[in-house]
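Have a look at the structure below before the remarks.
The values are calculated or read from the model by the stated rules, or taken from the named source; none is laboratory data. On a predicted model such as this, the values are computed, not experimentally measured, just so you know. Neighbour counts are summed over all protein chains in view; Cβ atoms, including those assigned to glycine, are modelled from backbone coordinates with ideal geometry. Note: accessible area is taken over every heavy atom of the protein model, side chains too, but ligands, DNA and RNA are not part of it. Shrake-Rupley method; radii C 1.70, N 1.55, O 1.52, S 1.80 Å.
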Amino acid sequence: MRTDTGHVFKLEDYRPSDYLILETSLVFRLSPEATRVTATLTIERRDGVVASAPLVLDGDGLTLIRVAIDGRELQPADFLATPDQLTISQAPAAPRFQLLIETEVAPAGNETLMGLYRSSSVYCTQCEAEGFRRITYFLDRPDILSVYTVRIEAKLDEAPLLLSNGNPAGSGDLADGWHYAVWHDPFPKPSYLFALVAGALGKVADSFVTLSGRTVELGIYVEPGKEWLAGYAMDALKRSMKWDEEAFGREYDLDVFNIVAVSDFNMGAMENKGLNIFNDKYVLADEETATDADFANIEAIIAHEYFHNWTGNRITCRDWFQLCLKEGLTVFRDHEFSADQRSRAVKRIAEVRTLRAHQFPEDQGPLAHPVRPRRYREINNFYTATVYEKGSEVVRMIRTILGAEAFRAGMDLYFERHDGEAATIEDFLKVFEDVSGRDLSQFALWYHQAGTPNLTVSSTHNPAAREFTLEIEQSVPPTPSESRKRLMHIPLAFGLVGADGRPVAYDGVEGATVEDGVIHIRKRRQVVRFSGVAERPAVSLNRGFSAPITLSVEQKADDQFFLAGHDSDSFSRWQAFNTLLTDALIAAFRQILGGKEPVYTARLSELAGKIAADEALEPAYRALALALPGEADIARDIGKGIDPDAILTAREALALAIAKANGQAFSSLYDRLADKGPFSPDAASAGRRALRNILLDYLALLPEGTELAARHFRSATNMTDRAAALTVLAHRHRGSPEAAKALADFEAKYGSDALVMDKWFQIQAGVPGPQTVETVRTLTKHAGFSMANPNRVRSLVGTFSSANQTGFHRPDGEGYRFFAETVLEVEKRNPQVAARLATALRSWRSLEPVRQAKAREALLTIAGAENLSADLRDIVERTLA
Ligand code: PHE
Ligand code: ZN
């Protein structure tokens, strides 16, 4: 484990390395306790660097066996090797030489899941960001691009399958029951994209013919016996390959594309060149074991990793500060893919909900950082919602500003200009400036400045002058180490909506550039005047969520209700209703604490009924509209002095009111929506299930609701319905005999399927109320639970701490105490997972004072532990700062 050195890496310190590694040849002789790695590196001194300049290679916990240059064994005086560095103080004077390094590593004991490790006795690797240095000494930085040849040797019975990046280049038998395979990847790549897999795995094979007529062999490798669960992933892969050709003109470039599913993985998946490695949760699925959300995630992540082949691999990042160059862009691409495969409107709403749930709290708390950070202590902690999701929103804004055609031209230029390079955000922005002739320097602040901008908007209509005016003011709140903010360029899509729901015409605008329904905000205060406006319109703002901002709009409740029923932009229509619901919930929360704002319960219930019944709207859309804002969403909008118990009370009361007002209608719609015919994971079928399950959530609150949910559970023919019913029983009817029975039945049926049991852990960890911390503590002793497996830890402990407001934030601090203990226990094995878990307390300062004090104690407990990893120390110290 790497402990903290206190070193801060800074963007301004970037400097190209003195040496390049043109070719990398690796030989692995695999064994669980002592794998030998022989690396032969063709090293070239960069032009202009003095001859014999020191060569310093990165390592992490390595054991060196020997080192040689151009065939000559080095003597101890020639080099200095520590576990974390290999220094050759006087490199050869020749501009090019061969360096041979032999190291020994122990994959079996490697619980960090970085470098070479074993997952269910399969050898596998994870090198992003800095895991390659756990395998051999190297210039382990993304701007060192090298051509790799890899030879793997293993015992045939232990590892019949041997995979690495690129194309196969030979295989055969060796003495004593060993065998080998050679792989060659012709595309120069950074070390973080290196991968190796060896073991006994089942294979699903298919092929794809590219745009130019080349056949690519596709393989998905899974635990033997689970091949039949990989069909959906394979289908998603082929659709992704086709889509990238059509939408971006990008063709796949090797003869093979392989995906391996493993059960122990820190993240979702990894885009290693030609050999993606996946968390098996994002590969394996059928209707019996996976929910519709799982299917959608599999489709999106398969696409995401595949799309990295061009955005990340062919064009990679110069340094880790540029992480969003590959991640934000690739998320944007996978979002567009899913929007095309499914429903664009529904997809957009789901994206925005995710952004608000994960990125907004990050941006508004102590861990806020720019999309392109300028400093970090531990890069692993920057795989964040800001880099990924906000990074994607920034790319979306570029498209909004340029228009689809110029955006595509810019992407084409990016691929042409930077193929084979390690690029920067400046390079990326430049292509769009070059194709459009626009100046994006103010826009670039989206990459450089942290914090969620806010726009305050008010409007007036002057009927005599036929003038409609919008007064818009921008502000960017201060974030850690950036107290003064500069003004941003915000593309604000808008619509003026008339009484008939149709757009209101205007004949002129002044005060801002307005193009294609987008107001370009660039100043602190802008007064935008629309002339020739006869009737007073309702104003629909940030349509399609054109910018990742918060809005404070002075708008009459009547206008808001009107937009919720009539806005022609489906995102904004959803938003209008969601804002009404949020305002009502906040008002109800304040009433509990003695406030007097109106809640509009009856009007909201009526509108909920109308939306549910509106056959012109897709079922999936109706389901999203009917889902009340979550407790965390409400807390975020309240901002300060959070008491999660009062929020839960307010939310349950509104849900009950809506259920009571619509019981009959919801019930008959629920009956009509029952699945007929065979299961299909497609978006339309999933949408119907989503609507029916949200109706169940309401109906379960009415008399006989427990019975209804129990029946739904028993008669479910797929995991979506079964998990939905189990959630309703466990959460809405917590403690009931029906809930207990359903949980027991579920466990009896799926006890041996770890991925399904994750849902069982997750549902129980999410049960609202003070007793859940004890349940969760008990479940950590369950035979199916393991502190060493990231999926188990996230399902149980992650859900409890980041998705159970009332349970985690128990006023006596018991939730936090459990949390601190567990984070430290996970850290002993896996610092990365522990650090991510620890971010659950990032919003501790917005709690009411009693909880705030207890939360701080827990953070101090973690901070005070001995030998804290760099990962965890970085998170707790920033959280407490
Ligand atoms: N690069 C991976 C992705 O976004 C995520 C990842 C990061 C995986 C670090 C493992 C380690 O596709
Ligand atoms: Zn990615």
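Here are a few things to note about the model shown:
- Taking Cβ atoms as reference points and 15 Å as the exclusive limit, the residues near GLU104 contribute a net charge of +1, counting Lys and Arg as +1 and Asp and Glu as -1.
- Axis angle, to the nearest 10 degrees, between helix 705-715 and the longest C-alpha principal axis of the chain: 40 degrees.
- Rounded to the nearest 20 debye, the dipole magnitude of the stretch 87-231 is 380 debye, with +1 charges on Lys and Arg beta carbons, -1 on Asp and Glu beta carbons, and the Cα centre as origin.
- Given charges at Cβ of Lys, Arg, Asp, Glu: the chain dipole, positive-most of HIS809, PRO770, ASN462: ASN462
- Helix 849-864 axis, angle to the chain major axis (alpha carbon atoms, nearest 10°): 0
- Long-range amide H partners of PHE187 with built H, under 5 Å: none
- The stretch 737-823: trypsin sites (Lys or Arg not before Pro) in DSSP loop, at most 14 other beta carbons within 10 Å: LYS781
- Antiparallel %, DSSP beta bridges [both residues in the chain], to 5: 80
- Size of electric dipole in the chain: Cβ of Lys, Arg +1 and of Asp, Glu -1, about Cα centre, debye, nearest 20: 1880
- The DSSP beta bridges internal to the stretch 252-407 are antiparallel in roughly 25% of cases.
- Neighbours of ASN297, meaning other residues whose beta-carbon lies under 14 angstrom from its beta-carbon, give a summed charge of -3 when Lys and Arg score +1 and Asp and Glu score -1.
- Heavy-atom surface of the chain, accessible at 1.4 Å and reported per residue (Å²): 38
- Extension gain for LYS226-VAL209 works out to 3.5 nm (0.36 nm per residue, less the C-alpha to C-alpha distance).
- Cα-Cα P(r), the stretch 328-389, percent of pairs per 5 Å interval: 4, 17, 23, 22, 16, 10, 6, 2, 0
- Neighbourhood charge, 14 Å Cβ-Cβ cut-off, centred on VAL826 and excluding it, Lys, Arg +1 and Asp, Glu -1: -1
- Carbon plus sulfur fraction of accessible area for the chain, probe 1.4 Å, in percent: 51
- With kT/(6 pi eta Rh) evaluated at 25 °C and eta = 0.890 mPa s, and Rh the Kirkwood radius from Cα pairs, the stretch 643-685 diffuses with a coefficient of 187 µm²/s according to Stokes-Einstein.
- Cα gyration tensor shape for the stretch 764-873, rounded if a/c is under 1.5, else prolate or oblate: oblate
- Sequence-ordered 3J(HN,Hα) estimates for the stretch 7-12 from the Karplus curve with 6.51, -1.76 and 1.60 and θ = phi - 60° stand at 5, 10, 8, 10, 4, 5 Hz, glycine and proline given as x.
- Fraction of the pair-distance distribution of the chain above 35 Å, Cα-Cα pairs, percent: 53
- Magnitude of the charge dipole, the stretch 672-754, Cβ model with Lys/Arg +1 and Asp/Glu -1, debye to 20: 180
- Rounded tilt (10° steps) of 425-436 against the dominant C-alpha axis of the chain: 60
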